[in-house]
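A short worksheet on the structure shown next.
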Amino acid sequence: MKVCPKMQKVIEEICEKHGLDLRVPHSHSRLTNGDYMPLVIEEAGFRTVSVAHYYTQNGDAMADPDITFFVGYGEWVPVSITQAPVCVYREVSVVGLSEGLRVPEITAMNLDGQNDVGAFAETWADNIREQGWVENGVKDDD
């Protein structure tokens, strides 16, 4: 199972800077940074976090990309990716409730797909850091 420590670290740094607690249901923040597409970080329910870049096309918000991570194990595990421009939604891990448990966990996984999305997420984390989102991201939740 591929985990994403680089993405986890950079997003946690951004959240700490802006006072965003992803353990709080429905918490979210939209950040801007110069000419880059806005970065949206949000608690997505069921112990998941979404990290996405968004742009507007014909009045619609388009994600490119949007990766959802399961955070219930402490380490961030990618579970899905959406890339609107190429009409891709790929679920690579299924988060659900195991029989008899009330705590979400990963109940199924496509290891090859999950590894691919995880590798992409780690490269994207490097880009987020290099683009200065930790230092220069400005909260724009309006």
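Structure values in brief
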item	result
Test: residue in the stretch 104-115 that is farther than 17 Å from residue 10 by Cα and part of a loop (DSSP other than H, G, I, E, B)	yes
So residue 75, is it of a type in the set (D, E, K, R), surrounded by fewer than 18 Cβ atoms within 10 Å (Cβ to Cβ) and under 23 Å from residue 28 (Cβ atoms)	yes
Cβ-Cβ under 9 Å pairs, at least 6 apart or on other chains, the stretch 113-142 side on the phi > 0 side of the Ramachandran plot, far side exposed (fewer than 14 other Cβ atoms within 10 Å of the Cβ)	132/34
Of the criteria (1) at pLDDT below 90; (2) buried (at least 16 other Cβ atoms within 10 Å of the Cβ); (3) of a type in the set (Lys, Arg), which one residue 102 fails	(2)
Pairs with Cβ under 7 Å, 6+ apart, first in the stretch 9-24 and under 21 Å from residue 46 (Cα atoms), second surrounded by fewer than 20 Cβ atoms within 10 Å (Cβ to Cβ)	20/27; 20/29; 21/27; 22/15; 22/43; 24/43
Pair list, Cβ under 8 Å, 6 or more apart: the stretch 26-40 residue part of a loop (DSSP other than H, G, I, E, B), other residue among the β-branched types (Val, Ile, Thr)	33/138; 38/32
Residue 78 being of a type outside the set (Ser, Thr, Tyr), touching a residue at least 60 places away in the same chain (Cβ under 8 Å) and closer than 20 Å to residue 6 by Cα	yes
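The values are calculated or read from the model by the stated rules, or taken from the named source; none is laboratory data. Given the structure is predicted, the values throughout are model-derived calculations rather than measurements. With ideal geometry, Cβ positions are generated from the backbone for all residues, glycine too; neighbour counts draw on all protein chains shown.
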